[in-house]
Amino acid sequence: MTIPTTLSPEQAEELTELLINASKQLRDAAGSRIYSPNYASTSARIADALRSLGVDPS
């Protein structure tokens, strides 16, 4: 997978926000036995963001 070396400020902000949210979900899941995060939804949003940047996430 190749990631473009330059991102627009909007693209960088969107990708950063998605990664921060994914990190929070993982942290929350690690601390709670009953928490069931929606990994599929988070993964899909990250994949969509990567596609919008011209990256093939597969």
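One table, with the values for the structure above:
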{"item": "Segment 40-56, residues that are surrounded by fewer than 13 Cβ atoms within 10 Å (Cβ to Cβ) and over 20 Å from Leu26 (Cα atoms)", "result": "Arg51, Ser52, Gly54, Asp56"}
{"item": "Only one of Ser41, Ser58 that is out of contact with any Asp or Glu (no Cβ under 8 Å at 6 or more places or on another chain), of a type outside the set (A, V, I, L, M, F, W, C) and either assigned to a loop (DSSP other than H, G, I, E, B) or modelled with pLDDT of 80 or more (or both)", "result": "Ser58"}
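The values are calculated or read from the model by the stated rules, or taken from the named source; none is laboratory data. Note that the structure is predicted; figures quoted are calculated from it, not measured. Cβ atoms come from the backbone with ideal geometry, glycine included; neighbour counts cover every protein chain shown.
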